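What follows is a set of notes on a single structure, which appears directly below.
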């Protein structure tokens, strides 16, 4: 069954949820115009990668302030995956999470399983388990940044039947080549299409690389953004994958 997926290479305003919701809506509108059925935003896209602020910025998927995104997903007939700090409950630290808003109005939450060094001061890790969902008869698994540096994470996704591995990340210029090579290797080794959505502009003090990309199962690069900046990176499979990059 045909499918169109996209990475939103979007910027985030540090700690400004209202501004970031507006940015998300702009990317959702653009992705809808290009026929995307599944759109993935970068790690912590709703808050920025602002670790000291995450406890105060923590959200739940049904937060009223996120209603415009939920409604946009329904109107577009699109699954929209956003990056957010998730409240940990009580005095517990938050999680780095992804909220997946489906076109039927339901939602799902994925919690980052493998933390980057230093993140444990501000957040807790999610449970180690395969996470999957389905769209157009295909299963996909979500990943968040440092998850992708652990081969076991991608292997678990493949073993659970995922044919798509979708990662929201914050990758700096210095780490880009290594991390992109890992993702391409997962596409080759596990026979999954792999999508990476990176930030468009600096966040949390990191000079981001941009370069959001999609690889077909087997490893061929379909499309990649040319460095930082605002882009949609789109891949469509209709009896064969084709990719394109759309500047915003």
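Would a scan of segment 7-30 turn up a residue that is crowded, with 24+ Cβ neighbours inside 10 Å, in contact (Cβ under 8 Å) with a residue 40 or more places away in the chain, touching a strand residue (DSSP E or B) at 6+ places or on another chain (Cβ under 8 Å) and under 22 Å from residue 128 (Cα atoms)? Checking segment 7-30: not a single residue is crowded, with 24+ Cβ neighbours inside 10 Å, in contact (Cβ under 8 Å) with a residue 40 or more places away in the chain, touching a strand residue (DSSP E or B) at 6+ places or on another chain (Cβ under 8 Å) and under 22 Å from residue 128 (Cα atoms). Is it true that residue 44 is in contact with a strand residue (DSSP E or B) (Cβ under 9 Å, 6 or more places away or on another chain), modelled with pLDDT of 95 or more and crowded, with 24+ Cβ neighbours inside 10 Å? Judged against the criteria, residue 44 is a match.
Any residue at all in segment 124-137 that's modelled with pLDDT of 95 or more and part of a loop (DSSP other than H, G, I, E, B)? Taking every residue of segment 124-137 in turn, at least one turns out to be modelled with pLDDT of 95 or more and part of a loop (DSSP other than H, G, I, E, B). Is it true that some residue in segment 138-155 is in contact (Cβ under 8 Å) with a residue 12 or more places away in the chain and assigned to a loop (DSSP other than H, G, I, E, B)? Scanning segment 138-155, I find at least one residue that is in contact (Cβ under 8 Å) with a residue 12 or more places away in the chain and assigned to a loop (DSSP other than H, G, I, E, B), so the answer is yes. Only residues that are over 23 Å from residue 205 (Cα atoms) and in a loop (DSSP other than H, G, I, E, B) were counted across segment 12-70, and they come to 8. Please determine whether any residue of segment 80-89 is more than 20 Å from residue 124 (Cβ to Cβ) and either surrounded by fewer than 18 Cβ atoms within 10 Å (Cβ to Cβ) or at pLDDT 95 or above (or both). There is at least one residue in segment 80-89 that is more than 20 Å from residue 124 (Cβ to Cβ) and either surrounded by fewer than 18 Cβ atoms within 10 Å (Cβ to Cβ) or at pLDDT 95 or above (or both).
Residues considered: 92, 117, 162. Of these, the only one that is assigned to a loop (DSSP other than H, G, I, E, B), surrounded by fewer than 16 Cβ atoms within 10 Å (Cβ to Cβ) and in contact with a strand residue (DSSP E or B) (Cβ under 8 Å, 6 or more places away or on another chain) is 92. The number of residues in segment 196-223 being in contact (Cβ under 8 Å) with a residue 40 or more places away in the chain and part of a strand (DSSP E or B) comes to 6.
Of the residues making up segment 228-248, those that are loosely packed, with under 13 Cβ neighbours inside 10 Å and under 18 Å from residue 24 (Cα atoms) number 1.
The values are calculated or read from the model by the stated rules, or taken from the named source; none is laboratory data. What you see is a predicted model; the values in this text were computed from it and never measured. Counting neighbours? That spans all protein chains shown, and the Cβs are built from the backbone with ideal geometry, glycine included.
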